[in-house]
Amino acid sequence: MMIKKILATSAIALSVAAGGITSSVFANPDKALAELEKQVWSKGPNGENPTPASDLVLTSSELEKIKSMKAKAAIVMHYGGNDWSRAQIEGLEYQFKEMGIEVIAITDAGFKPEKQVADIETVMTQKPDIIISVPSDPAATAAAYKRAAEAGIKIVFMENTPPGLKAGEDYVSVVSADNYGNGVASAHLMAKALNEKGKVGLVYHAADFFVTRQRYDAFKKTIAENYPNIKIVSEQGIGGPDFSGDADKVASAMLISNRDIDGIWAVWDVPAEGVISAARVAGRDDLVITTIDLGENVAINMAQGGFVKGLGAQRPFDQGVAEAILAGYGLLGKEAPDFVALPALPVFKDNLLDAWKEVYRTEATKNIKKSLR
């Protein structure tokens with residue numbers, strides 16, 4: 001019997017596009033959005049082609065062998081205080097329980113590389129068999145991960161990989177959403193909300209973080225190639241850790257210096273919350289916001305018919321499930337794909353409740369449901 005413990009859509013055939021979606025393929029936002037979930041547009045952090053998460057398989061005998069190992073796992077997060085991180089952890093815990101693997105530590109570095117290095121060193125004293133982790137700064141944390149690999153710990157990365165570490169040798173695999181595809185989705189949703197014309201600003205992640213850079217590149221390229229009547233008139237980077245507050249400040253400045261701006265794109269949902277705040281203070285009830293990641297606050301704003309008109313969502317629960325399965329591959333010595341990806345999910349008001357179920361594998365919160373108008 002073959003067991004597939006992945007919850008992601010299994011019927012989707014994934015493929016790679018070298019340069020994103022071009023105007024010769026899609027003539028309008030609706031067509032583009034309908035096609036997005038059929039493909040993955042991202043490559044991995046080292047240029048790897050994606051393997052669909054739905055291809056990950058453990059046989060019943062493999063599952064029993066893993067259970068007999070009574071393995072221990074540590075989850076070493078770059079940041080744990082958002083909906084995305086919580087859903088990843090829930091997916092990991094769900095799947096680890098299915099595999100008889102005990103989670104002995106969950107850490108939160110608060111976006112601080114030095115804290116994450118210390119977290120890795122601390123969890124290593126507990127002798128885990130597995131570490132699942134998002135590197136907060138791949139270069140700054142590389143030596144710590146290398147030491148963990150040399151100690152025989154099976155590492156599965158979320159999103160990024162440290163330089164100098166090799167798949168199949170130093171780590172098992174890396175799992176990510178289709179961040180490029182989600183950037184594409186957020187661009188087409190912006191264009192649809194603006195009737196394909198207007199002026200927009202960008203609030204991007206100033207750090208050189210692989211997945212957030214993909215989103216930024218995808219948004220800009222999609223607008224440039226598909227919508228000649230939409231002009232990007234301002235761009236501002238934010239470095240955090242107060243991403244909402246930083247976004248509020250730069251968006252406020254954007255709205256003052258570009259009083260005829262029609263929309264602002266934010267690199268993920270927490271900065272988008274700051275843009276919402278800036279728009280309210282400026283009295284810009286007509287401002288269009290699109291972003292990436294389906295957090296509760298932006299979902300509530302979308303449900304209310306507010307500023308947020310759409311976003312590209314990751315599938316963090318399913319990403320966690322995939323990471324746990326790959327950890328099982330590592331324990332078994334089973335060959336794993338270098339890069340595993342899950343497709344983008346365009347979200348807008350009309351599909352919000354269904355999208356929440358797809359992203360979090362649970363019903364939308366009461367606050368979202370009561371906000372839907």
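What follows is calculated from the coordinates using simple rules that are stated; it is not laboratory data. The structure displayed is predicted, hence computed values, not measured ones. Cβ coordinates were reconstructed from backbone atoms using ideal geometry, including for glycine residues, and neighbour counts include every protein chain displayed.
The H on the amide N of Ile232, modeled in the peptide plane, is under 5 Å from the matching H of Val200, each at least 5 residues off or on a different chain. Taking each residue as 0.36 nm, the span from Ser60 to Lys249 lengthens on full extension beyond its C-alpha to C-alpha distance by 62.7 nm. Ranking of Thr212, Thr222, Thr59 by neighbouring Cβ atoms within 10 Å, starting from the fewest: Thr59, Thr212, Thr222. Globularity index of region 199-267 is 1.10 (Cα radius of gyration / 2.2 N^0.38 Å, N = number of residues).
Expressed to the nearest 5 percent, the antiparallel share of DSSP beta bridges inside region 262-373 is 30 percent.
Between Leu332 and Glu363, the C-beta separation translates, for a Förster distance of 41 Å, into a calculated FRET efficiency of about 0.70.
Close amide H contacts of Gly237 (hydrogens built in the peptide plane, cut-off under 5 Å, sequence separation of 5 or more or a different chain): Tyr204.
In order along region 268-274, the phi-based Karplus estimate (6.51 cos²θ - 1.76 cosθ + 1.60, θ = phi - 60°) of 3J(HN,Hα) comes to 8, 5, 5, x, 4, 4, x Hz; Gly and Pro are listed as x.
In the chain, the DSSP beta bridges split such that about 10 percent are antiparallel, to the nearest 5.
Pairs over the 26 Å Cα-Cα cut-off, from the set Lys38/Lys366; Lys166/Lys334; Lys112/Lys369; Lys43/Lys199; Lys97/Lys369; Lys166/Lys220: Lys38/Lys366; Lys112/Lys369; Lys43/Lys199; Lys97/Lys369; Lys166/Lys220. For region 117-177, run through the GluC sites (Glu not before Pro) and keep only the ones in DSSP coil with at most 15 other Cβ atoms within 10 Å of their Cβ. Of the GluC sites (Glu not before Pro), the ones in loops of region 117-177 whose Cβ has at most 15 other Cβ atoms within 10 Å are Glu169. Sorting Ser173, Ser371 by the number of Cβ atoms found within 10 Å of their own Cβ, with the fewest placed first, yields Ser371, Ser173.
The length gained on full extension between Asp30 and Gln304, counted as 0.36 nm times the residue separation minus their Cα-Cα distance, comes to 96.4 nm. For the chain, the equivalent ellipsoid derived from the alpha-carbon gyration tensor has semi-axes of 35, 21, 19 Å in decreasing order.
Ordered by the number of other Cβ atoms lying within 10 Å of each residue's own Cβ, fewest first, Ile300, Ile292, Ile325 fall into the sequence Ile300, Ile325, Ile292. Phi angles of region 63-75 translate, via the Karplus equation with coefficients 6.51, -1.76, 1.60 and θ = phi - 60°, into HN-Hα couplings of 4, 5, 5, 4, 4, 5, 6, 6, 6, 10, 10, 10, 10 Hz per residue; Gly and Pro are given as x. Taking amide H positions as modeled 1.01 Å from N, with prolines and chain starts lacking one, the residues under 5 Å from Lys154 and 5 or more places away or on another chain are Ile130, Ile131. Sequentially through region 97-102, phi angles give Karplus couplings (6.51, -1.76, 1.60; θ = phi - 60°) of 4, 4, 9, x, 9, 8 Hz, Gly and Pro residues having no value and appearing as x.
Rounded, prolate or oblate, given the Cα gyration tensor of region 47-180, with a/c below 1.5 counting as rounded? Note, shape of region 47-180 comes out rounded.
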